[in-house]
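Working notes, beginning with the structure itself.
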2 protein chains.
Amino acid sequence: MLNTVSADRVTHSDLANAVRVLAMDAVEQAKSGHPGLPMGAADIATVLFTKFLKYDAADPAWPDRDRFILSAGHGSMLLYALLHLTGVKGMTIDELRNFRKLDSKTPGHPENFMTPGVETTTGPLGQGIATAVGFALAERMLNAEYGSDLVDHYTYVLASDGDLMEGISQEAIALAGHLKLNRMIVLWDDNEISIDGPLSLADSVDQVRRFQACGWNAMRIDGHDPKAIQRAIAKAQKSDRPTLIACKTVIGYGAPKKAGTSKAHGEPLGAEELAGAKAALGWSHAPFEIPDAIRDAWAKAGRKGRRLRKAWADRVKALEPEKRAEFERRLKGERPKALADAVAKLKDRLVAEPQNVATRKASEIALEVITEAVPELVLGSADLTPSNNTKTKNLTAISPGNYAGRYIHYGIREHGMAAAMNGIALHGGYVPAGATFLVFTDYARPAMRIAALAGIPVVYVMTHDSIGLGEDGPTHQPVEHLAALRAMPKMRVFRPADALETAECWQLALERTDGPTTLALTRQNLPQVRKEAGQGNLSATGAYELSPASGKARATIFASGSEVEIALAAQKILDEQSFAVRVVSVPSLDLFLAQPEKVRARIIGDAPVKVAVEAAVRFGWDSVIGPDGIFVGMHGFGASAPYKDLYKHFGITAEAVAEKVLRTHNL
Amino acid sequence: MLNTVSADRVTHSDLANAVRVLAMDAVEQAKSGHPGLPMGAADIATVLFTKFLKYDAADPAWPDRDRFILSAGHGSMLLYALLHLTGVKGMTIDELRNFRKLDSKTPGHPENFMTPGVETTTGPLGQGIATAVGFALAERMLNAEYGSDLVDHYTYVLASDGDLMEGISQEAIALAGHLKLNRMIVLWDDNEISIDGPLSLADSVDQVRRFQACGWNAMRIDGHDPKAIQRAIAKAQKSDRPTLIACKTVIGYGAPKKAGTSKAHGEPLGAEELAGAKAALGWSHAPFEIPDAIRDAWAKAGRKGRRLRKAWADRVKALEPEKRAEFERRLKGERPKALADAVAKLKDRLVAEPQNVATRKASEIALEVITEAVPELVLGSADLTPSNNTKTKNLTAISPGNYAGRYIHYGIREHGMAAAMNGIALHGGYVPAGATFLVFTDYARPAMRIAALAGIPVVYVMTHDSIGLGEDGPTHQPVEHLAALRAMPKMRVFRPADALETAECWQLALERTDGPTTLALTRQNLPQVRKEAGQGNLSATGAYELSPASGKARATIFASGSEVEIALAAQKILDEQSFAVRVVSVPSLDLFLAQPEKVRARIIGDAPVKVAVEAAVRFGWDSVIGPDGIFVGMHGFGASAPYKDLYKHFGITAEAVAEKVLRTHNL
C-alpha cells in the first residue's frame, strides 16, 4: 500500500524502518554482521540525513558537504543503507545483497577507499570520533583561509559506547573541547549494551559530565524521538562549543526477543527473530524490497543539498582565476611544483655549505623552505615541539577560536594526533605532518594503520630514533619500531643519513599522495656524508651506493641513518687493510624492497660478504643480507647513558663492523 | 647548623628540600634530566613517605607494603632521592652521582628491574597510572582470597598533566572508578606546564570534574602545603571510591627564574639558576651533601613500616603450613607443579579424541584444565569474551566492591587492560591473561612493550589472528602484527597449529616467568594435525619437524598456525608427484630464532628449497628461508569476505604452495 502513496506522505518511521530492514536483510543474507546498531540508530541517522545533512548523493565527495562519520564502523549497514537509499551512484541494491562479499562496495566495516560516500575507514573503535576532530579542525582552518563562502560545513559523528571507552576518544574529545570546534556534533548511540553483556559489567562513567569537563556542550535525549533529535541537532548547530547528544536507544530496536540485549549486536537475527522484527515494525515487504514511495522520499533527501552544491560551485567558478586554481589544487591534493625546486635548491646549498647536524635539525632546515613552497603543509607536535624541531619561524599556531595558522599543539596525545591528522588529510586542503619521538609511534599505531590501509597522505616526524637519544633510556629508545613500521603494508619509512638525505626524504614524503610516511630522525649530530646532490633524488629507490669500493668489492655494508657514518668509517678502516668494501645507504628499507628485482640486484651487488648496520633489531634485514649476513645493531632493549657510551656498550662501532667483516672473510 | 640539631627538630621543608637539592644536583651532574617535577612535587612525596606510606627501606619488596608509583617517570630523581634518603640498600649517594650513567641504578626513567624499591617501569606517559589500577585491583583480589591480615595496603600514584592527557589514563581511570578501587589514591602534580609551554596551549580539561564523572572522589589542594596534603591523603584513605588529589604546584619550585615555566622541565638548571634555587630554599651545603640530622630524619621515615612488616611476617609464619606454602608460592611467582601434569593429561586426551576446532576453542579446552591447576591465573577480555573464549565455566567475574573472582571484564579498553595486567603481575599473587583480537595489539602495544622491557609474566590471548576471521575485513585482519610483535625484544609469540599445540603453548606461556607471551589463535576451525603427544613439549624449540619427507627431502615447508594444514596438504600433493618434502611446524618463530645454531640448523635441514606459509606478511621470515626462499602469504592488507574465499583470493592454498615449489625446483 505504501507503494501507492506519494513520497510526501511517507513518515519518519517509514524512512527509518527502510534503513532497519535493509540492515537486517543484508546481515541475514551475509550470515554475519551487526544488525543491532543500524536498528537502534536508524531514527538518529534518518533525522540527520533528511533534515540536516548538507549532502548531495549525486556528488557525495563535494568539498563543502557536511561530513558524516560512522565511528561505530561495525554498524556499516546503517551507512550503506543510507548511501543506497539516497541514491549514491554504484550503491545498488545488489551491493547490499553482496554485503561482506569479496569485491563488493559493502565490506564488513566501512572503507573510504572502496565505497563512494564513506568519509573514512572505521571499525577499530575510537578512530572515527578522533578522525572527526581532524575533519572539523580542517574545516575551520580552511574557512579561516578561504572564508565562509567556500568553506562552511559541519562534521557529524555517530559514536557507540565502545568508541567512548577507548582512550583515543578521550584524547580527541579533550582536544576538540579545547579548540572549541563547535562545528563538530557527536551523536552517541547510548544503548547500554556491549558484547560481554550490559555495559554495567565494565563501565559506569557519566559521559555527559565527562564531555562537559572537556569543554563540550552536552545533552541527553530519547534517541527514538525524531522531534527530540531534530531539536537537539538544531541547538547543537548554534553552540559555541562542540556538542555531544547522548541519544538513549534500544539496540536491535524492533527485534522482539533480542532488542536491548547483546544478542542483537554482532550476528544475524535469524529467520524467526527477523520476521518478528519486521512484524513489529509493520513491514510487510520482501527482503531487500523498498516501496517506491519510501524510495522516492529517500531520494528526495539525497537531493537536499544539490542546490547548495551548485551555488557553491558557482562561487568557486567566480573566483579570481589564480585563487581558484590554487583552491582547486589544494582540494584535489595535488602538490605544488615549487616543492621540487625548493628541495633542489636546498640540496645545492647543502653541498656548498655542508651541515653537520642532527637529522631533526636537518628536518627543520628543510621545513624552512618546504613550508614556504607547500602552503598546505600543516605541522604540529604532541607536546615535543622544541625536541622535534617542527615549528619553523614562519609558522604560527592555531588556538581556540582562531584557526588561522599552520601549527598545531596537539598536547600529549600521540594517538589523538595521528587520528586527527587522518581527518585533516581526508577533509582535503591540507597535508598534515605531526611529530613525537619514534618510540611513541606505539601509542599512535592504530591510527597510523588506518592511514596505511586507507592510503592517507600524512607525514610522521619521528625524532629521537634510536639509542642515540642517550640518557632517557630504554623506555624512550626505539629498537623494534623501525621493523614494526616497515612490516606495515603501505607504510613508508625513511631514516635519512644526513641533512641532504633528509631533504630528499621530505620531498618523497610530500610527493607521496597515496599513503603515509614516517621520517625517523636523530637527536644526535651527524656529519653530512653526501658531498654531491646527485642526479635526481637518490633516496627514491630506498637505497643507493653512497661510497664505491676502492677495488673489487669484497663486502657491502648496508646502513641507515646515523649508522651510515659508522659504515663509512668501517670502510676506511678496511681500506687501510687493503680490503675493499662498498657502502650502500638505505634511507628506506621498505621502499628498497619494493623496487623491481633488477634494481635491487644492482644495488645489492655481488660482493660475497653482506653487512647491515642499524642501531635497531635485525628483524627484516635478512631480506637484504640473508640469514648468513653480518648484522651490527641491537639485540635487545637499550640502556640509559650518554649516547656515545651506548654505541660502544652495544658494539655498534666502525671497529666492530671491520672486525666482523674480516673474521667472516677469514672463515 | 642543621648538622647539630636532632632529627626530631628537622622540619618538613628540610626534608622536602633534601629531595629537591639531590634532584637538582644529580641532573646538573648528569648534564641532562628533569629537575622540575622533583622540585615541584617534593612536598607531596615528603608528606606521603613520612606520614603515610607503609614502607620499610630494609625490605622495599615486602609483599604487604603500600605501593608508590611514579607515573611521571621523567621525575625519576624524586624517586631515587627518596630511596636513597630512606636508606634502601644499594641506593648510595654514588648511585645518585651516576644518575643516567651506564650500569647505574639510576637510569633516566625508573626501571623496576634495575633499581630496588621501584615498583614498575615508567616514563611513557600514562603507563604508571594505568599499571597502578592493576596493582590496586590485585590487592583487593588477594585480600578477598587471603583476608586483611595478610593483604591490606594502598596504591599511591604521582601523576603529571601528561599522564592525564594520554588516552590510556582515561581507560584506567574509568575502570578504577567502575570497580570502586578505593585503595587507589592519585596525587596529581597540577603544575600547568608542559614541554611546549603553558598547558593552556593544548588543554583546558576540568580534571576534577572528569574524574568525578568516572566515579572518583576528587579534591583540590595546595601542593606545597604539607598540612593540606596530609589532610587530603587521610581523607582519601577513608573514601569508598578511588581518590584524585589535585595538588596545585609550581614546577621547579625554588628556582628563581625557571620556576613555573617549561624551562624547569627537562634540562639542568645551570650553575647560576641552581645556586639561586639553593639560596631561595635556604640550602647552603655542598652538592650531594645532606646534613646528618636530615639524613637521620629521612632514615627514620624509612623505618616507619618495619614493625608492621615484622608483624605481618609473624602472621604469615603462623599460617597453617599448607596455606602458608601456597601463599608464599603465589607471592614468589612460582608456578604449581600441577600445570605440567594437567597439560600432559590433556595432550593424551587430545591424542585419543582429536579435536578439529578453532585454536580459540582449543584454548578454552586447555583453560578448562589449566585454570584448575593454576589458581593464580586470572583471565579477562576487553569486551570480547564470547569471541575470545576466555571465560571457562569455573570462573566467576569480579565486580565493583566484590573482588572474589578470577575473571575481569576490562571493557573496550585494550590498552588499559594490558597496563592493568602489568600491575596485577607486578603486584604479585596472580598471573593475568587478557584477551582481544590480534589486530588490537596495536592499541595495547605501549603497555605490552613495558611488559617486555620489564620482563613481566603476562599472557595475551589474541584471537581472530589472520584473514581467517573473514567478513570483518581489513580493519580487523592482522597481517603485520605477528611481525611487529616478533620484532619486540623479549616478547614471545606463539601461533599454534591445532588443539595439541595450543595446550603446549599455554604451558610454555605460563611456565615463562621472565616476560610476556602472546598467543595468536584462530577464529576458524582447524583439523588436529598432531596425532601424537610426542616427547615433552615439542613447541618448546619454537619449531619442529611435524611431518617428515617420504624420501630425501627436496623442499622444506615451514608454516605456523592455520597454515600448517595447508603445508601438509601441499606435502601430499607433491608426494603424489613423487616430490618428497618435509613440513616443519613453527609455533613460535621468535623462540625458534633464539635456539642455538645447531638446533636451528637441524630443524631447518638441508633440503634445497625452502618455503614459508603464513597468512601474514613475509617480513622476518627471510631469517629462515632466506631472500630466495618461497613465501606464500599476504602481500598487503586483507579484505572483507568469507574466509575460504579470502584464502583463495590471496593465493594461500596447498595448490599454490605445490605449484611454486615445483616451479622453483624446475628453474
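Give the calculated FRET efficiency between A:ARG306 and A:GLU545 to the nearest 0.05, with a Förster radius of 41 Å applied to their Cβ-Cβ distance.
0.10
I need the P(r) histogram for the protein assembly as shown: all alpha carbon pairs, bin width 20 Å from 0 out to the longest distance, whole percents.
That works out to 11, 39, 38, 11, 0, 0, in percent per bin.
Which part of region A:615-641 falls in the paramagnetic zone of B:ASP628, meaning amide N under 13 Å from the point 7 Å along Cα-to-beta-carbon?
Hits in region A:615-641 for B:ASP628 at 13 Å: A:626-628.
Between B:ALA313 and B:ARG220, what is 0.36 nm times their sequence separation minus the Cα-Cα distance? Round to one decimal in nm.
29.7 nm
Kindly express, to the nearest 10 degrees and within the range 0 to 90, the angle between helix B:306-317's C-alpha long axis and the longest C-alpha principal axis of chain B.
Between helix and principal axis, roughly 40 degrees.
Alpha carbon centre of region A:504-548 versus region B:2-70: separation in Å?
Region A:504-548 and region B:2-70 have Cα centres spaced 48 Å from each other.
Where the label is 7 Å out from Cα toward Cβ, how close does A:GLU532 come to the same position in every other copy, in nm, shortest first?
Label-point separations across copies, in nm and ascending: 6.4.
Separation between the B:VAL351 and B:LYS257 pseudo-spin-labels, each 7 Å from Cα along Cα→Cβ, expressed in nm?
Reported label-point gap for B:VAL351 and B:LYS257 is 7.8 nm.
Given an 8 Å cut-off on Cα distances and at least 6 residues of separation, report the relative contact order of chain B as a percent.
Numbers: 1477 pairs, mean separation 81.6, N = 667.
Result for chain B is 12 percent.
What pairs from B:LYS572/B:LYS610; B:LYS89/B:LYS300; A:LYS257/B:LYS644; A:LYS347/A:LYS610 go past 26 Å between their alpha carbons?
Working: B:LYS572/B:LYS610 17 Å; B:LYS89/B:LYS300 15 Å; A:LYS257/B:LYS644 32 Å; A:LYS347/A:LYS610 30 Å.
In this structure, A:LYS257/B:LYS644; A:LYS347/A:LYS610 exceed 26 Å between Cα atoms.
Projecting each Cα onto the charge dipole of region A:105-212 (Lys/Arg +1, Asp/Glu -1 at the beta carbon, about the Cα centre), which of A:VAL133, A:LEU199, A:THR122 comes out farthest on the positive side?
The residue sitting most towards the positive pole is A:VAL133.
Can you run phi through the Karplus equation (6.51, -1.76, 1.60; θ = phi - 60°) for region B:268-279 and list ³J(HN,Hα) in whole Hz, with x for Gly and Pro?
With coefficients 6.51, -1.76 and 1.60, one gets x, 5, x, 4, 5, 5, 5, 4, x, 5, 5, 4 Hz.
Tally the DSSP beta bridges in chain B and give the antiparallel ones as a percent, rounded to 5.
Of those bridges, close to 10 percent are antiparallel.
Summing +1 for each Lys or Arg and -1 for each Asp or Glu, what net charge is found among the other residues whose Cβ lies under 11 Å from the Cβ of B:ARG241?
Residues close to B:ARG241 contribute a combined charge of +2.
Where the only charges are on Cβ atoms (+1 Lys, Arg; -1 Asp, Glu), what is the dipole of region B:167-255 about its Cα centre, to the nearest 20 debye?
The dipole of region B:167-255 has a size of about 600 debye.
Points 7 angstrom from Cα along the Cβ direction at B:ASP296 and B:ALA144: gap in nanometres?
Placing both labels 7 Å beyond Cα along the Cβ direction yields 4.8 nm.
How far apart are the A:ASP225 label points across copies, placing each 7 Å from Cα toward Cβ, in nm, shortest first?
The answer, with the shortest distance listed first, is 4.5 nm.
So what is the 222 nm mean residue ellipticity for chain B from helices alone, if each DSSP H run of at least 4 adds -39500 (n - 2.57) and you divide by all residues, rounding to the nearest 500 deg cm²/dmol? Spell out each step's value before the answer.
Working: 26 runs with 282 residues, N = 667.
Taking each H run of at least 4 residues, the total per residue is -12500 deg cm²/dmol.
For B:VAL584, what residues show an amide H to amide H distance below 5 Å, using hydrogens built from the backbone and excluding near sequence neighbours?
Excluding prolines and chain starts, which carry no amide H, the hits are B:LEU546, B:ILE557, B:PHE558, B:ALA559.
Between B:ASP206 and A:LYS227, what is the FRET efficiency for a Förster distance of 41 Å, r being their Cβ-Cβ separation, to the nearest 0.05?
For R0 = 41 Å, the calculated efficiency reads 0.80.
In the protein assembly as shown, with Lys and Arg counted as +1 and Asp and Glu as -1 at Cβ, which of these residues, A:HIS153, B:ALA420, B:THR522, has the Cα nearest the positive end of the dipole, that is, farthest along it?
A:HIS153
Report, in whole Å, the centroid distance computed from the Cα atoms of region A:409-473 and region A:313-375.
Computed from Cα coordinates, the inter-centre distance equals 21 Å.
Can you tell me the relative contact order of region A:288-439? Whole percent, Cα pairs under 8 Å, sequence separation 6 or more. Don't skip to the answer; put the middle values down first.
Values: 146 pairs, mean separation 33.8, N = 152.
Value for region A:288-439: 22 percent.
Could you give the dipole magnitude of the protein assembly as shown about its Cα centre, charging the beta-carbon of Lys and Arg +1 and that of Asp and Glu -1, in debye to the nearest 20?
About 760 debye.
Would you mind telling me the antiparallel percentage of the DSSP bridges in region B:437-589, rounded to 5?
Of all bridge pairs located within region B:437-589, approximately 20 percent are antiparallel.
For a Förster distance of 25 Å, can you work out the FRET efficiency between the beta-carbons of B:ALA404 and B:GLU322, rounded to the nearest 0.05?
On the way: r = 20 Å, r/R0 = 0.81.
About 0.80, to the nearest 0.05.
Mind checking the angle between helix B:76-86 and chain B's longest principal axis? C-alpha axes, 0 to 90 degrees, to the nearest 10.
Orientation of helix B:76-86: about 60 degrees from the principal axis.
Too long at a 32 Å Cα-Cα cut-off: which of A:LYS31/A:LYS180; B:LYS180/B:LYS278; A:LYS180/A:LYS323; A:LYS105/B:LYS391; B:LYS101/B:LYS598; A:LYS393/B:LYS31? Spell out each step's value before the answer.
Details: A:LYS31/A:LYS180 43 Å; B:LYS180/B:LYS278 43 Å; A:LYS180/A:LYS323 29 Å; A:LYS105/B:LYS391 36 Å; B:LYS101/B:LYS598 37 Å; A:LYS393/B:LYS31 28 Å.
Too far apart for the 32 Å limit: A:LYS31/A:LYS180; B:LYS180/B:LYS278; A:LYS105/B:LYS391; B:LYS101/B:LYS598.
Mind ranking A:18-30, A:92-104, B:367-379 by how tightly packed they are, going by the mean number of other C-beta atoms within 10 angstrom, highest first?
Values: A:18-30: 25.5, A:92-104: 18.0, B:367-379: 20.5.
Packing proxy ranking, top to bottom: A:18-30, B:367-379, A:92-104.
When the Karplus curve 6.51 cos²θ - 1.76 cosθ + 1.60 is applied with θ = phi - 60°, which whole-Hz ³J(HN,Hα) does each residue of region A:98-108 get, with x for Gly and Pro?
Per-residue couplings from phi come out as 9, 3, 6, 9, 4, 6, 7, 8, 10, x, x Hz.
Kindly identify region B:334-383 as rounded, prolate or oblate by the Cα gyration tensor criterion: order the square roots of the eigenvalues as a ≥ b ≥ c, call it rounded if a/c is under 1.5, otherwise compare a/b with b/c, prolate if a/b is larger, else oblate. It would help to have the intermediate numbers written out before the result.
Details: a/c = 3.52, a/b = 1.13, b/c = 3.13.
Judged from the Cα gyration tensor, region B:334-383 comes out oblate (a/c at least 1.5, b/c at or above a/b).
Go through B:ALA344, B:GLY260, B:ALA484 and say which Cα lies farthest out towards the positive end of the charge dipole of chain B; charges sit on Cβ, +1 for Lys and Arg, -1 for Asp and Glu.
Of the options given, the answer is B:ALA344.
If you take all C-alpha pairs in chain A, what percent of them are over 35 Å apart?
For chain A, the fraction of Cα-Cα distances above 35 Å is 47 percent.
Tell me the label-point distance for the pair B:ALA271, A:LYS531, using the 7 Å Cα-to-Cβ offset, in nm and rounded to one decimal.
According to this spin-label approximation, the distance is 4.1 nm.
If you line up the long axis of helix A:414-427 against the longest principal axis of chain A, both from Cα atoms, how many degrees apart are they, to the nearest 10?
Result, in degrees: 70.
Across peptide A:106-116, how many C-beta atoms of other chains are within 10 Å of each residue C-beta, on average? Each step should come with its number before you reach the end.
Values: counts 1, 9, 12, 7, 2, 6, 0, 1, 4, 0, 0.
For this peptide, the per-residue mean of nearby foreign Cβ atoms is 4.
Between region B:626-656 and region B:139-218, what is the separation of their alpha carbon centroids in Å?
Comparing the Cα centres of region B:626-656 and region B:139-218, I get a distance of 45 Å.
Kindly give the distances from A:GLU372 to its copy-mates, label point to label point, with each label point 7 Å from Cα along Cα→Cβ, as nm values to one decimal ordered shortest first.
The projected label point of A:GLU372 is separated from its counterparts by 7.7 nm.
Let's see if you can work this out: charge +1 on each Lys and Arg Cβ, -1 on each Asp and Glu Cβ, no other charges. What is the dipole magnitude of chain B about its Cα centre, in debye to the nearest 20? Can you show the working numbers first?
On the way: 77 positive and 77 negative charges, 227 e Å.
The dipole of chain B has a size of about 1080 debye.
Give, as a single signed number, the net charge of other residues whose beta carbon lies under 13 Å from the beta carbon of A:GLY123, with Lys and Arg counted +1 and Asp and Glu -1.
Cβ neighbours under 13 Å give a net charge of -4.
Values in this text are rule-based calculations from the coordinates and carry no lab data. Note that the structure is predicted; figures quoted are calculated from it, not measured. Using ideal geometry, Cβ is built from the backbone for each residue, glycine included, and neighbour counts are taken over all protein chains shown.
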